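Have a look at the structure below before the remarks.
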Amino acid sequence: MTNPRTTTAPSPLPTSIWLPGPRDADTPPPFPAVLPDWAIGKIRTEFTQRHSRQPAPLWRLTVCDTNEGMDARTPCAADHTPGARNARRTPVILAELHPDTLPATTPHSRYGTDEQGAIDNGWPGFLHRTHRLLRTDDVLLLATRQRRDAGKLTDPLGLLIAAARTAGFRYLQHIVIVHGHAVDDQIVATPPEGTPPGLIHSDLLVLSAVHTA
């Protein structure tokens, strides 16, 4: 007689909720940015100073589109956190992917499995190219949110996570960025312009680079 096989369910990934403080401005971010300024400040505190007294630079990429040649059209703002300008640490990269710039389905790769996405256009190729800039355990942050297509709510997170894993990233955490302020036991919404009715949050995915020998 054999003992019944038991399986252990995987631990769920941690999810955090970030709310602005009482003195944080609730000005919605302008297109194509996704995150408000107070969230960028919190990212500097939470991610650029991890495991080191010397902060890492923060590179903020605002992705305007994912068409051919997107890298040349994506502005990159370097962080000016004190101590980070002369730091030799690899930067923490924050890519803000406005939902209007993302396709609803996974782009088809023109290459084989060994090269898939490495030199593709669009955001799968962008993830591969970003992975090559980072060392093991370096952090990539992806910010986006849901959108509504023909009345149907579309959530891009699943496709982004799958593409990131294919590119060599490990998915670590999901952070919900609330567009609103807590007042007593309620949240007063301040959604960005053009968001679907009732949507008052953006999503921040925390990824780390994995390199195999």
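The values are calculated or read from the model by the stated rules, or taken from the named source; none is laboratory data. Please read all numbers here as calculations on a predicted model, not as lab measurements. Cβ placement follows ideal geometry from the backbone for every residue including glycine, while neighbour counts extend to all protein chains displayed. SASA here: full protein model, heavy atoms, side chains in, ligands and nucleic acids out. Shrake-Rupley method; radii C 1.70, N 1.55, O 1.52, S 1.80 Å.
Laid out as a table, the results:
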read-out: Test: residue in segment 119-141 that is open to solvent by 10 Å² or more (accessible area, probe 1.4 Å), farther than 17 Å from residue 92 by Cα, touching a residue at least 12 places away in the same chain (Cβ under 8 Å) and not in a helix (DSSP H, G or I); value: yes
read-out: Residues being more than 16 Å from residue 90 (Cα to Cα), assigned to a helix (DSSP H, G or I) and of a type in the set (A, V, I, L, M, F, W, C) - total across segment 27-49; value: 3
read-out: Neighbours by Cβ (under 6 Å, 6+ apart or cross-chain): first from segment 90-101, within 21 Å of residue 208 (Cα to Cα); second acidic (Asp, Glu); value: 90/138
read-out: Meets criteria (in contact with a Lys or Arg (Cβ under 9 Å, 6 or more places away or on another chain), open to solvent by 50 Å² or more (accessible area, probe 1.4 Å), in a strand (DSSP E or B) and touching a residue at least 24 places away in the same chain (Cβ under 8 Å)) for residue 207; value: no
read-out: Count - residues of segment 173-202 that are farther than 19 Å from residue 25 by Cα and either among the aromatic types (Phe, Trp, Tyr) or surrounded by 20 or more Cβ atoms within 10 Å (Cβ to Cβ) (or both); value: 1
read-out: Members of segment 163-203 found to be in a strand (DSSP E or B), aliphatic (A, V, I, L, M) and under 13 Å from the mean Cα position of the chain (by Cα), listed by number; value: 172, 175, 176, 177
read-out: Residue in segment 160-172 that is most open to solvent (accessible area, probe 1.4 Å), counting only those that are farther than 27 Å from residue 38 by Cα and not β-branched (Val, Ile, Thr); value: 165
read-out: Selection status of residue 153, open to solvent by 20 Å² or more (accessible area, probe 1.4 Å), assigned to a strand (DSSP E or B) and not hydroxyl-bearing (Ser, Thr, Tyr); value: yes
